[in-house]
Amino acid sequence: MFSKTCEYAIRALIYIAQMSKDGNKIGIKEIAKGIDSPEYFIAKILQDLGRKGFVQSMKGPSGGFYMEKENLERSIADIVREVDGDKLFSGCGLGLKECSEEHPCPIHNEFKHIRKAVNDMLENSRINMFVEDLDLKLTFLKQ
């Protein structure tokens, strides 16, 4: 459903939110290990998300990534749109360019309900919602 880049971005932001909630800063090595991602790849993703204001970073020996409170309220949909664009929320289920209400593909009428449900779920899912479940070990980011 998401690109690999988007999957890593979501997992990394949730992990950083969890690990930095007490004011800690998290290094790239720890993030990569914590979400089971290649270090170079996640560093590139977080550098881009940092420039776009989704996550903050500090250089130096006590540096690393962290999240400010307003970023904890960002929706997962915000991350998906930033990384993968809007296709998940508006694209055709078969990938056709001309699909619309006036000119529907074979699965258009059924798929629009699924697309809306996914949109609603991602819009209503905030980064901070996942931190407590991770702390309670009700969910996981790495097997």
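The values are calculated or read from the model by the stated rules, or taken from the named source; none is laboratory data. Just so we're clear, the structure is a prediction, and the values are computed from it rather than from any experiment. Cβ atoms come from the backbone with ideal geometry, glycine included; neighbour counts cover every protein chain shown. SASA here: full protein model, heavy atoms, side chains in, ligands and nucleic acids out. Shrake-Rupley method; radii C 1.70, N 1.55, O 1.52, S 1.80 Å.
Name every residue in the range 4-29 that is open to solvent by less than 30 Å² (accessible area, probe 1.4 Å), touching a strand residue (DSSP E or B) at 6+ places or on another chain (Cβ under 7 Å) and hydrophobic (A, V, I, L, M, F, W, C), in order of residue number. Correct list: Ile16, Ile26. When the residues of the range 30-52 are filtered to those that are open to solvent by 30 Å² or more (accessible area, probe 1.4 Å) and not in a helix (DSSP H, G or I), the one that is nearest to Arg81 (Cα to Cα) is Lys52.
Does at least one position in the range 70-86 carry a residue that is in contact (Cβ under 8 Å) with a residue 60 or more places away in the chain, open to solvent by 40 Å² or more (accessible area, probe 1.4 Å) and not charged (D, E, K, R)? Scanning the range 70-86 turns up at least one residue that is in contact (Cβ under 8 Å) with a residue 60 or more places away in the chain, open to solvent by 40 Å² or more (accessible area, probe 1.4 Å) and not charged (D, E, K, R). Within the range 1-29, residues that are at positive phi and in a loop (DSSP other than H, G, I, E, B) have Cβ atoms under 8 Å from residues that are modelled with pLDDT of 95 or more and buried (at least 17 other Cβ atoms within 10 Å of the Cβ) in these pairs: Gly23/Tyr66, counting only partners at least 6 apart in sequence or on another chain. Search the range 50-65 for residues that are closer than 17 Å to Lys29 by Cβ and pair each with any residue that is surrounded by 12 or more Cβ atoms within 10 Å (Cβ to Cβ) and of a type in the set (Asp, Glu) when their beta-carbon atoms are under 9 Å apart and the residues are at least 6 apart or on different chains. Between residues of the range 50-65 that are closer than 17 Å to Lys29 by Cβ and residues that are surrounded by 12 or more Cβ atoms within 10 Å (Cβ to Cβ) and of a type in the set (Asp, Glu), the close pairs are Gly64/Glu30.
When Leu138, Leu94 are screened for being open to solvent by 80 Å² or more (accessible area, probe 1.4 Å) and farther than 30 Å from Ser20 by Cβ, only Leu94 passes.
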